[in-house]
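Notes to accompany the following structure.
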Amino acid sequence: MMRVAVIRFPGSNCDADTLRAARNAGADAYYVWHRDRHLQRADAVLLPGGFAFGDYLRAGAIARFSPVMAAVQAHAEAGGPVLGICNGFQVLCEAGLLPGALMRNARLTFASLPVRVRVETDDTPFTAAFERGATFMVPVAHGEGRYVAPPEVLRQLEAEDQVVLRYVGENPNGSVNDIAGVTNTERNVVGIMPHPERAADPLVGESAGAKVFESMIRRARVPLGGTR
Amino acid sequence: MSPKFAVEVRVMPRRALLDPQGQAVEHALDALGFKGVGGVRVGKALTLELERPDSGQAEDDARSMCERLLANPVTEDFTLSVRPVE
């Protein structure tokens with residue numbers, strides 16, 4: 001069974017939903033406290049949404065120095081899958097595991113609404129179960145989700161198929177190129193602003209978000225050095 | 001004991017990037033009747049004290065703090081000043 005570490009920072013608040021979504025997809029998911037230095041043989045790592053350390057200084061800026069982040073960094077550098085959702089995305093950018101940064105929403109409002117996103121690539125551990133180009137509804141809930149990156153980085157993201165999700169229609173935060181999620185050059189680290197764990201169960205209406213977690217499980221079955 | 005230096009750090013959103021907070025403040029000032037106000041931007045200021053042998057070392061360390069934590073290299077620029085504490 002795939003072992004999935006859900007990291008909890010002080011101020012994480014989507015940890016339970018994320019754990020549940022991972023378990024429903026078939027993972028042996030468990031919490032790891034931010035002060036821990038070990039991921040307990042995790043196959044994949046999930047950084048949930050929330051407001052780690054109250055977003056003090058900048059969202060994710062303090063969390064990236066938590067003891068557990070050294071282990072997350074090592075896991076990522078070894079090619080292990082890492083997904084940051086919302087605040088988790090902010091932490092990954094601050095940690096330098098993903099390019100770019102997330103700034104205050106262009107309209108200064110906290111954006112809490114369902115949005116439609118398009119899956120721009122199925123070539124990541126967290127989108128492999130989607131058809132490329134598929135769209136789905138998923139909630140966003142953030143005050144600082146405006147993705148920005150220097151022009152040369154942006155060109156690379158677009159040219160190298162590193163944009164993972166893009167807002168279709170309404171862009172809730174003014175992100176550049178309507179970007180809602182990106183991956184690193186090695187394609188094992190993914191950050192997304194929307195909350196798939198909140199749209200992962202037919203009970204709450206939308207359930208396409210479950211595919212993010214099913215992707216993680218499916219990818220785990222592909223042997224190392226597999227075709228993708 | 002090393003002398004103390006007072007460090008002031010100013011962190012501002014990079015000029016090329018949209019600063020919605022600055023725009024909102026600009027609109028509010030206009031609404032208050034302050035006409036002809038432009039270029040409002042909102043950043044943050046941090047102050048700290050450093051014990052270092054000399055001001056050069058204090059400045060070097062303060063710069064390193066800005067680069068590693070206090071400012072985001074993708075979105076923000078910083079300036080800093082260092083002065084001895086009496």
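The values are calculated or read from the model by the stated rules, or taken from the named source; none is laboratory data. Values in this document were obtained by computation on a predicted structure and should not be read as measured data. Here the Cβ positions follow ideal geometry from the backbone for every residue, glycine too, while neighbour counts run over all protein chains shown. Ligands, DNA and RNA are stripped out before the accessible areas are found, and what is left, the full protein with its side chains, is counted by its heavy atoms. Shrake-Rupley method; radii C 1.70, N 1.55, O 1.52, S 1.80 Å.
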Using only the Cα atoms, work out Rg/Rh for the range A:29-174, with Rh taken as the Kirkwood radius, to two decimals. 0.95
Kirkwood Rh over alpha-carbon pairs of the protein assembly as shown, then Stokes-Einstein at 10 °C and 1.306 mPa s: what D in µm² s⁻¹, rounded to an integer? 77 µm²/s
Whole-angstrom gap from the range A:193-210 to the range B:25-58, using each part's C-alpha centre: 41 Å
How large is ³J(HN,Hα), in whole Hz, for each residue of the range A:184-197 in order, when computed from phi with the Karplus curve 6.51 cos²θ - 1.76 cosθ + 1.60 and θ = phi - 60°, using x for Gly and Pro? 7, 5, 7, 6, 9, 10, 10, x, 9, 7, x, 10, x, 5
Just how much of A:Arg187 is accessible, in Å², when a 1.4 Å probe is used and the result is rounded to the nearest 10? 40 Å²
Length gained, A:Met137-A:Tyr31, 0.36 nm per residue minus C-alpha separation, equals 35.4 nm
Whose amide H sits under 5 Å from the amide H of A:Tyr31, counting only residues 5 or more places off or on another chain, with H placed in the peptide plane? A:Val6
Could you derive backbone 3J(HN,Hα) for the range A:108-119 from the dihedral phi with the Karplus parameters 6.51, -1.76 and 1.60 (θ = phi - 60°), listing whole Hz in sequence and x where the residue is Gly or Pro? 6, 8, 6, 8, 10, 6, x, 10, 9, 10, 10, 7
Please work out how much accessible surface B:Lys4 shows to a 1.4 Å probe, ignoring ligands, DNA and RNA, in Å² rounded to 10. 80 Å²
So what is Rg over Rh here for chain B, counting just Cα atoms and using Kirkwood for Rh? 1.13
Amide H within-cut-off set for A:Asn184, under 5 Å, with H built and near neighbours excluded: A:Val189
Taking every DSSP beta bridge that has both residues in the protein assembly as shown, what percent is antiparallel when rounded to the nearest 5? 70 percent
Pull up all non-local amide H partners of A:Ser175: gap of 5 or more, or a different chain, and H-to-H distance under 5 Å with H placed in the peptide plane. A:Tyr147
Calculate log10 I(q)/I(0) of the range A:107-206 for q = 0.17 Å⁻¹, where I(q) comes from the Debye formula with a single equal point scatterer on each Cα and nothing for solvent. -0.74
Pop out the ³J(HN,Hα) list for the range A:129-137 in order, Karplus 6.51 cos²θ - 1.76 cosθ + 1.60 with θ = phi - 60°, rounded to Hz; leave Gly and Pro as x. 8, 8, 7, 4, x, 5, 10, 8, 8
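Go ahead and run the numbers for FRET between B:Gln21 and B:Asp77, Cβ-Cβ distance against an R0 of 22 Å, rounding to 0.05.
0.90
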Quick one: helix B:55-65 against the long Cα principal axis of chain B, what's the angle to the nearest 10°, folded into 0 to 90? 50 degrees
Taking only Cα atoms of the range A:70-130, the Rg to Rh ratio with Kirkwood Rh works out at 1.01
Excluding ligands, DNA and RNA, the carbon-plus-sulfur percentage of the accessible area of the range A:1-151 with a 1.4 Å probe reads 50 percent
